[in-house]
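Data block below; observations after.
The values are calculated or read from the model by the stated rules, or taken from the named source; none is laboratory data. In this text, all values refer to a predicted model and were calculated from it rather than measured experimentally. Backbone-built Cβ (ideal geometry, glycine too); neighbour counts: all protein chains shown.
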Amino acid sequence: MRLKDKVAVITGAGSGIGKAIAHRFADEGAHVVCASISGRSADVAAEIGDAAVPVRADVGDEADVRRMVGTAENTFGRIDILVNNAGFGGGLLPLHEQTTETWDRVHGVNLRGVFFCMKYGIISMRRTGGGSIVNVSSATSLVGWKHHGVYGAAKAGVNQLTRTAALDYADDNIRVNAVCPGTIWTGLVPMSQQWPEPPPGVSRVPGIPMDRWGLSDEIAAAALFLASDEASYVTGALMPVDGGYSVGFSGMGAEKQGRSTD
Ligand SMILES: NC(=O)c1ccc[n+]([C@@H]2O[C@H](COP(=O)([O-])OP(=O)(O)OC[C@H]3O[C@@H](n4cnc5c(N)ncnc54)[C@H](O)[C@@H]3O)[C@@H](O)[C@H]2O)c1
């Protein structure tokens, strides 16, 4: 029960990684506000039961975000944890084929949405003595990632919001960290549908040192650590959870060249 009686707001909680985080946090004793642009967060809140409330909110809409924070405060009295998970990919294309419309949509949710949520979450946390923010960034923000320029730029912006806010609010007892997922299999949801491979256990993932998909629960475990008091001296960290992808190139080892490893 690492989050016993904490109040956590999770955006994009209706599916994938956000859904896994909502369940894991509730299992660890938190009250959870399950926010999403779709009605699916209501299903997740219903699965969790009394410890959860759903909120319909578009994180790219400032008024919606204020309402989301207000709902958390009115329902549970405060916000201890904010997980900024809502986001989407925006198409895998080289830059010259990307459109201004895609740039605006991707950055409107993945970066501006995180800004709105951080802003109003921080205002709330400062009133009640502090808290912990976990931003769901991406391994595409840490290294170049082919055809992910627009999305990776938004997530790199999230990293910089994370580090800067860690400095700005250390005195306010607010820790701010990010988890940077790699290729995470989330089931039949938009993000992982971008990739053609079947789920873990069936497929290997070329180019990933650990040679497999990650799982939503593995991101939830990292988010749990960063959100909890176990990370009480951790702020401004960008934690890759990517099977080693962002560490560096791993394609030319002796075994892969067919040479002896003795
Ligand atoms: N799956 C991966 O491989 C992967 C890798 C790196 C980073 N991520 C990041 O993880 C996060 C979750 O992705 P996922 O894979 O679980 O995808 P997903 O599509 O299952 O989940 C995203 C959720 O965000 C919600 N959402 C989208 N736009 C929203 C908005 N404007 N306001 C509120 N909610 C909105 C969607 O309804 C959905 O429930 C995203 O930020 C994504 O960029 C995912």
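For (1) over 30 Å from residue 144 (Cβ atoms); (2) touching a strand residue (DSSP E or B) at 6+ places or on another chain (Cβ under 6 Å); (3) surrounded by fewer than 21 Cβ atoms within 10 Å (Cβ to Cβ), each residue gets a yes or a no:
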| site | (1), (2), (3) |
| --- | --- |
| 2 | yes, no, yes |
| 13 | yes, yes, no |
| 47 | yes, no, yes |
| 63 | yes, no, yes |
| 66 | yes, no, yes |
| 75 | yes, yes, yes |
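Being within 17 Å of residue 120 (Cα to Cα), surrounded by fewer than 19 Cβ atoms within 10 Å (Cβ to Cβ) and touching a residue at least 24 places away in the same chain (Cβ under 8 Å) is the filter here, so list the residues in the range 168-189 that pass it. Selection gives 170, 172, 173. Remark: residue 237 matches the filter, which requires a residue to be closer than 26 Å to residue 174 by Cβ, more than 14 Å from the ligand (Cβ to nearest atom), modelled with pLDDT of 95 or more and in contact with a strand residue (DSSP E or B) (Cβ under 9 Å, 6 or more places away or on another chain). For the range 14-40, residues that are more than 7 Å from the ligand (Cβ to nearest atom) and in contact (Cβ under 8 Å) with a residue 24 or more places away in the chain total 16. Residues in the range 213-246 that are in a helix (DSSP H, G or I) and either closer than 19 Å to residue 31 by Cα or β-branched (Val, Ile, Thr) (or both): 217, 219, 220, 221, 222, 223, 224, 225, 226, 227, 229, 230.
Note on the range 41-61: residues that are within 12 Å of the ligand (Cβ to nearest atom) and acidic (Asp, Glu) total 3. Might you let me know whether the range 106-127 holds any residue that is at pLDDT 95 or above, closer than 18 Å to residue 151 by Cα and not in a helix (DSSP H, G or I)? Yes; the residues of the range 106-127 include at least one that is at pLDDT 95 or above, closer than 18 Å to residue 151 by Cα and not in a helix (DSSP H, G or I).
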